[in-house]
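Shown next, in structure tokens, is the structure this report addresses.
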Amino acid sequence: MTAGAGEDEGRIMPDHPEHVVVVGAGLGGVRTVEQLRARGHQGRITLIGAEEHPPYDRPPLSKQILTRDWEPERAVLRDRAGLDGLGVSVRLGTRAVGLHGSTVELSDGSGVTGDAVVLATGAAARRLPGQPDGVAVLRTLDDALALRDAFGSARSLLVVGAGFIGAEAAWAARRLGLDVTVLEAVPVPCERVLGRGVGALAARLFTDAGVDLRCGSAITRFADEHTVELADGTTVSADVVLVGIGATPDLTWLDGAGLETGDGLACEGNGRVVGTSGVWALGDMAAWWDPARGRFHRHEHWTSAVDQVTAVVCDLLGEERSAPVVPYVWSDQFGLKIQVLGRTDLADEVVPLDGAGLRGGPVKGTIVGYLADGVLAGVVGFGAPAKVARYRALVGRSPAATDSAGAVGERLG
Ligand SMILES: Cc1cc2nc3c(=O)[nH]c(=O)nc-3n(C[C@H](O)[C@H](O)[C@H](O)COP(=O)(O)OP(=O)(O)OC[C@H]3O[C@@H](n4cnc5c(N)ncnc54)[C@H](O)[C@@H]3O)c2cc1C
């Protein structure tokens, strides 16, 4: 059923694809292979991954790997034997360099053609203009191992960016005894996700842990790999400098494929790549159509990648898709778990649901509700996982429903 490279442009995908080519051997790619088999796909699967490492999970990189609580093997999603057990043809250390129809061109000059192609090539760490090579980023296992080696002989760390990964790295470094400074351009950490008031709670976690957090501090340039210059002309130096300002998909390999590659590869709401037949994309690289936002939107979180796998595999196999789940993100930092349920970005009002953090009390145990037009659009919890889980069923419901469930507490003024 499978044609040779280049033979299938414009072909109509059969009802049940025999050969599925999965590009990107990270979380989304591996979960796609697993779900295809779990849902009964008996045809061939080829998995292509740019990195030499067996597929691994990224959340531990900024947590247990940095602190040396885990050796890298514990982060492996599937080793070679595990992949063999799924009957998948694996090509690691091989980069996809082009896409023509459903033929993927590879860095070794060969091509592989599927009846269906699933793209899951993730994202690359964003860098700042003029960033020296010796300044660290944290996206890959190699990045994490290099950073933890550097921590071994360093006394100080400077983190640029107080987002989730910057916070986790800062906490890991504090646990290892380093002096840590964090520079953040906006007034509070994670302002986009948490908002100003709740971001101030996150800021307290940094300072309570002894981090020198400087918000509203944009850097103007790197003097060298240890020193940055700020807008006010002062400089900040450390033994190790880490830039943690998010990630952006590298879609240059799709140049020439005629696809919409703005911030993420444009996909329909079921993951089909716009303008293609038989090609899907998911995870950090993909911007799926989001009817609530009225635009394409790219998620960069573990759970959304896994949820998208289910949607893609169901669509690919012609199965009914289950109802979309409530979006969920977590981060482990400063000894507690921060959890974000739903869509905090839609909120026009923030209400305390539990704990006293918004009234100056302890951050741990604080749970905050985000209301949009009176509907509970999102929930953020600080170190209260069992209680946060109870709110999941309430996200998307009106305040009357949540009040009657005893969920929404006193409104903020
Ligand atoms: C340090 C770190 C910590 C994180 N912690 C959390 C967390 O606590 N909570 C949370 O919700 N999310 C977290 N995330 C985000 C989460 O890990 C990602 O959303 C998830 O990995 C996305 O899966 P993916 O398959 O899209 O991409 P990835 O897992 O990045 O996999 C993409 C794979 O594709 C490969 N690839 C790239 N280009 C090509 C190509 N041209 N050809 C072939 N292969 C290619 C890459 O090498 C990579 O292995 C974290 C991310 C990082 C980096």
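Within the range 179-203, the set of residues being crowded, with 19+ Cβ neighbours inside 10 Å and in a loop (DSSP other than H, G, I, E, B) comprises V188, P189, C190, G195.
State yes or no: is E71 charged (D, E, K, R) and away from the ligand (no atom under 14 Å from the Cβ)? Yes: the conditions hold for E71.
Of the residues screened, G355 is not one that is touching a Lys or Arg at 6+ places or on another chain (Cβ under 6 Å), at pLDDT 95 or above and not assigned by TED's automatic domain parsing to the domain that holds L205. Annotation: A96 fulfils all but one of (1) of a type in the set (G, A, S); (2) in the same structural domain as A305 (by TED's automatic domain parsing); (3) over 22 Å from the mean Cα position of the chain (by Cα); the unmet one is (3).
Cβ-Cβ distances below 7 Å connect the following pairs, each with a first residue in the range 114-129 that is more than 19 Å from A305 (Cα to Cα), a second residue that is within 9 Å of the ligand (Cβ to nearest atom) and small (G, A, S), and a separation of six or more residues or different chains: R126/A247.
Counting residues in the range 365-388 that are acidic (D, E) and within 16 Å of the ligand (Cβ to nearest atom) gives zero. For the range 220-243, the condition of being buried (at least 20 other Cβ atoms within 10 Å of the Cβ), free of Cβ contacts under 8 Å to residues at least 40 places away in the same chain and outside any strand (DSSP E or B) holds for none of the residues. Of the residues in the range 160-169, not one is within 13 Å of the ligand (Cβ to nearest atom), among the hydrophobic types (A, V, I, L, M, F, W, C) and not in a helix (DSSP H, G or I). Among the conditions (1) within 12 Å of the ligand (Cβ to nearest atom); (2) under 30 Å from R44 (Cα atoms); (3) touching a helix residue (DSSP H, G or I) at 6+ places or on another chain (Cβ under 9 Å); (4) in a loop (DSSP other than H, G, I, E, B), G98 misses just one, which is (4).
The set of residues from the range 277-318 being without any contact (Cβ under 8 Å) to a residue 40 or more places away in the chain and more than 16 Å from the ligand (Cβ to nearest atom) comprises W289, D290, P291, R293, G294, R295.
Yes/no per residue for (1) in contact (Cβ under 8 Å) with a residue 12 or more places away in the chain; (2) closer than 16 Å to R196 by Cα; (3) open to solvent by less than 10 Å² (accessible area, probe 1.4 Å); (4) outside any strand (DSSP E or B):
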{"site": "V340", "(1), (2), (3), (4)": "yes, yes, yes, no"}
{"site": "L353", "(1), (2), (3), (4)": "yes, no, no, no"}
{"site": "P362", "(1), (2), (3), (4)": "no, no, no, yes"}
{"site": "V368", "(1), (2), (3), (4)": "yes, yes, yes, no"}
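Return the only residue of L83, L138 being within 25 Å of the chain's Cα centre (by Cα), modelled with pLDDT of 95 or more, buried (at least 21 other Cβ atoms within 10 Å of the Cβ) and not assigned by TED's automatic domain parsing to the domain that holds W253. After applying the criteria, what remains is L138.
Taking the numbered list (1) surrounded by fewer than 18 Cβ atoms within 10 Å (Cβ to Cβ); (2) within 9 Å of the ligand (Cβ to nearest atom) in turn, D108 passes all entries but (2).
Would you confirm whether any residue within the range 104-117 is within 21 Å of the chain's Cα centre (by Cα), of a type in the set (A, V, I, L, M, F, W, C) and closer than 28 Å to D255 by Cα? No, the range 104-117 contains no residue that is within 21 Å of the chain's Cα centre (by Cα), of a type in the set (A, V, I, L, M, F, W, C) and closer than 28 Å to D255 by Cα.
For the range 49-68, residues that are open to solvent by less than 60 Å² (accessible area, probe 1.4 Å) and either more than 15 Å from the ligand (Cβ to nearest atom) or outside any loop (DSSP other than H, G, I, E, B) (or both) total 6. Candidates A136, A123: the one that is more than 9 Å from the ligand (Cβ to nearest atom) and within 22 Å of P72 (Cα to Cα) is A136. Among residues of the range 275-318 being among the β-branched types (V, I, T) and under 22 Å from the mean Cα position of the chain (by Cα), the one that is surrounded by the most Cβ atoms within 10 Å (Cβ to Cβ) is V312. Cβ separations smaller than 7 Å between residues 6+ apart or across chains give the following pairs from the range 38-67 residues that are outside the structural domain of V137 (by TED's automatic domain parsing) to residues that are surrounded by fewer than 17 Cβ atoms within 10 Å (Cβ to Cβ) and aromatic (F, W, Y): P60/W70; Q64/W70. Among the residues here, R321 does not qualify as over 30 Å from A173 (Cβ atoms), under 21 Å from the mean Cα position of the chain (by Cα) and more than 14 Å from the ligand (Cβ to nearest atom).
Residues of the range 141-159 that are within 11 Å of the ligand (Cβ to nearest atom), charged (D, E, K, R) and buried (at least 16 other Cβ atoms within 10 Å of the Cβ): D143 alone.
The values are calculated or read from the model by the stated rules, or taken from the named source; none is laboratory data. From a predicted model like this one, the values you see are computed outputs, not experimental measurements. Reconstructed Cβ throughout: ideal geometry from the backbone, glycine too, with neighbour counts over all protein chains shown. Accessible surface is based on the protein model in full, side chains and every heavy atom, while ligands, DNA and RNA are left aside. Shrake-Rupley method; radii C 1.70, N 1.55, O 1.52, S 1.80 Å.
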